[in-house]
Amino acid sequence: MDRPSTAPIAANAAYAPPGQREGRLQSWLGLSNERRFATLLTGPAQYLLFFIIVFPLLTVVYISLTSWSPTTGGGTMWWDAYKFWDWGRNYVEVFSAADFWRAVGRTFLIVGVAVPLEFLIGLGMAFLFLEEFPGKRVFHSIVLIPMMIVPAVAGYMFFMVFQTLGPINAALSAIVGSRVEIRWLTDPTLANLAIIAADVWQWTPLMFLILLSGLVGMPEDQMRAATILGASFWQKFRYLMLPMLKPVIIIALVIRFMEAFKIFDAVMLMTQGGPARATETISVFMYREGFQNVRWSYTAAAALVILVLVTIIASYALKPIQSPGENQ
Amino acid sequence: MNQTRLWQWVVRYVLVVLVTLVSLFPTYWMVSMSFKPKIEWTTASGTVYWVPRNPTLENYENILTEYRGKVFRAAQTSGIPAMRSSLIVAIGGTLLALVVGTLAAYGISRYHRSSGDFPWYMALGRLILMVLILLPITLAWSLLGLISHWYGILSLTIVGFFVDGLVGRFLGLIYRKGPVGNLAFSILQLRMFPPIAIMIPVMIMWSSFRLVDTSYGLILIYGIVTFPFVVWLMKSFFDEVPRELDEAAIVDGSSTWGAFFKVVLPLVKGGLASTALFVFILNWSDFLVALLLTNRDWPTIPVYLNKLVTADTGQQYGPKAALGVIAAIPPVVFGIMIQRYLVRGLTFGAIKK
């Protein structure tokens, strides 16, 4: 918004001489018409945001410092949790819990494998769909369907597909020639692969759409010039497209990273975090500890650790999203 | 030359068809499963049924009717209540998010100037300072016996609202690059946080408001969870409307509200409609929140799908697939309708094509 302030209502609202247009009380309160209007507009959103941040944050901090949970302490309500004050033993437990760090590590692993895969496949698909060909619109629509499927339903689809008596094994049997019975969802490694496959299947279309929109916006003159000068496809890609696509690529990766980090639905429907916690991600870990084992204070401590982690990551990662919007 | 082009053409088509098949297969499998009689559900009989051999509507009948001894399911109800609650809750949440988000988006688009470009220790410092200041207040509230009531929680939130403003200004004095804290940016940051992490306090709040397992409760939380998308999407639409238009309307004697409702809003009608559909898809798709905040009265489709238990017969692939098909239809239809805006929505308006 660095345009010169020819805009009297917007940019100069705060600098309008006091008492010129509004009543005295209003100007004393600093409430010019425009500022009051702006406050009214953003007020509800701001209030809702605080409603969902302030109280939860305070409660989480409070509970995390005690050993209270709804099932312990004979019906003590949460505001009396100070009776179970234990000076942050939960944090010691979180930091020394192998389970928790394994879940964190696994989440990063799933994100770290799935997101680059989605990126590469999406980029390939974007090149496929760059030029016109008959039937392009229909194929384009079909290819986008996975990202519109309800994630829980997508999880269930992959649950069916990866059954030991399901179609994947049947197809493999047909190829190999003998009966294949791979236990996809009960083997620790394969179950993680199945989850990655589900995530890649569902979210590659988003990558594809973002990258395609970037490629379509590419200036054609330069491409043509490079072709005439005899540049190979690889050279064009490396020295022309990649630098120009960079902002779009960063946005695509950041968005996917953000969302993949929270992965829950597909895991719950496919493996429920099993076998023996081998597919537990951060969200599933917190679900199990908080709502199956009902250890609220411990979960609260884990949630705060994640909050700090995410705040640090987000302030770096979200910058590229912030800037294009601001520069319009 | 001609031959290489032919080759290119063939390779492209083969790849496109391959990609299409892969992206279609799991969906196809679920749809075909929903029409298969029980014997065809698995390969246990020795053959794999790529297409249903004896297509039947039994699975849909199972899911749409009351328990009649065929399938043992959650609470032995049909899937209809789950569909009804999904529909009501998703529409309600969408409306709430739209109203709140559109107003905020217009405010941010026209009046906000801070960039939100500050280092992580400022963001963290803001949170920590806020907690340090508010914890004693919380304690005071609980000593006064306010905290166990809904008005205690509401008033505490209002206090927090002002404290945060002060903290932002105070940190701004130290940081010297304008106030630390930016609504649009905080909204975005919130999106990154796994929702399960705040579900414990949300459950506490919702139970003190008596909102657990009600439609209002779900509508409220869905509105809160999805209004960030509305803010970012609608901001990107409002940014495209030149400011000079609202200014002209105001110069012509219209009020600020009038300029918003009569001049700007009609111009972004299309954007508003696609935002609504987009947010509806998000709300319809939620699983986690509904899983924790509902139990008997208002389970949504994904929760019901997860609960649909099997007793004597093992996995009920058919009925569950039928339910999955029903759940998948609205978002796919709406999604194809708003294809053009999907990217914009999911990238928070950062990419506009």
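The table below lists the values:
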{"item": "Hey, A:T42 buried (at least 20 other Cβ atoms within 10 Å of the Cβ), closer than 20 Å to A:V305 by Cβ and modelled with pLDDT of 70 or more or not", "result": "no"}
{"item": "Number of the condition not met by A:W79 [criteria: (1) under 30 Å from A:T59 (Cα atoms); (2) within 9 Å of another protein chain (Cβ to nearest Cβ); (3) not in a helix (DSSP H, G or I)]", "result": "(3)"}
{"item": "All positions within region B:322-353 that are within 8 Å of chain A (Cβ to nearest Cβ) and among the small types (G, A, S)", "result": "B:G324, B:A327, B:A328, B:G335, B:G349, B:A350"}
{"item": "Residue list for region A:271-296, restricted to those being small (G, A, S), closer than 17 Å to B:F287 by Cβ and over 18 Å from the mean Cα position of the chain (by Cα)", "result": "A:G273, A:G290"}
{"item": "Out of A:D199, A:D187, sole residue that is out of contact with any Gly (no Cβ under 8 Å at 6 or more places or on another chain), of a type in the set (D, E, K, R) and under 24 Å from A:F261 (Cβ atoms)", "result": "A:D199"}
{"item": "Which numbered condition A:I321 fails, given (1) buried (at least 21 other Cβ atoms within 10 Å of the Cβ); (2) assigned by TED's automatic domain parsing to the domain that holds A:F162; (3) modelled with pLDDT under 85", "result": "(2)"}
{"item": "Where B:T77 falls short, out of the listed (1) at pLDDT 80 or above; (2) closer than 16 Å to B:K320 by Cα", "result": "(1)"}
{"item": "Qualifying residue in region A:199-215 (condition: assigned to a helix (DSSP H, G or I), modelled with pLDDT of 90 or more, among the acidic types (D, E) and within 19 Å of A:L123 (Cβ to Cβ))", "result": "yes"}
{"item": "The one condition in (1) within 29 Å of A:F37 (Cβ to Cβ); (2) more than 10 Å from every other protein chain (Cβ to nearest Cβ); (3) crowded, with 23+ Cβ neighbours inside 10 Å that B:W298 fails to fulfil", "result": "(1)"}
{"item": "Hits in region B:197-228 - residues which are under 15 Å from the mean Cα position of the chain (by Cα) and modelled with pLDDT under 85", "result": "B:P228"}
{"item": "Residue check for A:F158: over 22 Å from the mean Cα position of the chain (by Cα), touching a residue at least 12 places away in the same chain (Cβ under 8 Å) and at the interface with chain B (Cβ under 8 Å from one of its Cβ atoms)", "result": "no"}
{"item": "Yes/no for B:D252 being modelled with pLDDT under 85 and either among the basic types (K, R) or surrounded by fewer than 21 Cβ atoms within 10 Å (Cβ to Cβ) (or both)", "result": "yes"}
{"item": "Residue in region A:232-244 that is assigned to a loop (DSSP other than H, G, I, E, B), over 15 Å from the mean Cα position of the chain (by Cα) and away from chain B (no Cβ under 11 Å) present", "result": "yes"}
{"item": "Tally, over region A:258-301, of residues that are facing chain B (nearest Cβ under 9 Å), more than 27 Å from A:L58 (Cα to Cα) and either touching a Pro at 6+ places or on another chain (Cβ under 9 Å) or at pLDDT below 85 (or both)", "result": "2"}
{"item": "Selection from region B:247-260 of residues that are in a helix (DSSP H, G or I) and more than 7 Å from every other protein chain (Cβ to nearest Cβ)", "result": "B:A248, B:A249, B:V251, B:W257, B:G258, B:A259, B:F260"}
{"item": "Residue list for region B:1-54, restricted to those being aliphatic (A, V, I, L, M), within 8 Å of chain A (Cβ to nearest Cβ) and either farther than 26 Å from A:D199 by Cα or surrounded by fewer than 11 Cβ atoms within 10 Å (Cβ to Cβ) (or both)", "result": "B:A44"}
{"item": "The listed residue being modelled with pLDDT of 80 or more and either touching a Phe, Trp or Tyr at 6+ places or on another chain (Cβ under 8 Å) or within 13 Å of another protein chain (Cβ to nearest Cβ) (or both), out of A:F37, A:F51, A:F95", "result": "A:F51"}
{"item": "Residue in region B:189-247 that is surrounded by the most Cβ atoms within 10 Å (Cβ to Cβ), counting only those that are at negative phi and of a type in the set (D, E, K, R)", "result": "B:K235"}
{"item": "Breaking point among (1) at the interface with chain B (Cβ under 10 Å from one of its Cβ atoms); (2) part of a loop (DSSP other than H, G, I, E, B), for A:L307", "result": "(2)"}
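For (1) touching a residue at least 24 places away in the same chain (Cβ under 8 Å); (2) of a type in the set (A, V, I, L, M, F, W, C); (3) within 26 Å of A:K262 (Cβ to Cβ), each residue gets a yes or a no:
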{"position": "B:E244", "(1), (2), (3)": "no, no, no"}
{"position": "B:A248", "(1), (2), (3)": "no, yes, no"}
{"position": "B:I281", "(1), (2), (3)": "yes, yes, yes"}
{"position": "B:T294", "(1), (2), (3)": "yes, no, yes"}
{"position": "B:G318", "(1), (2), (3)": "yes, no, no"}
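The values are calculated or read from the model by the stated rules, or taken from the named source; none is laboratory data. As the structure is a computational prediction, the values presented were derived from the model and not from experiment. Cβ atoms come from the backbone with ideal geometry, glycine included; neighbour counts cover every protein chain shown.
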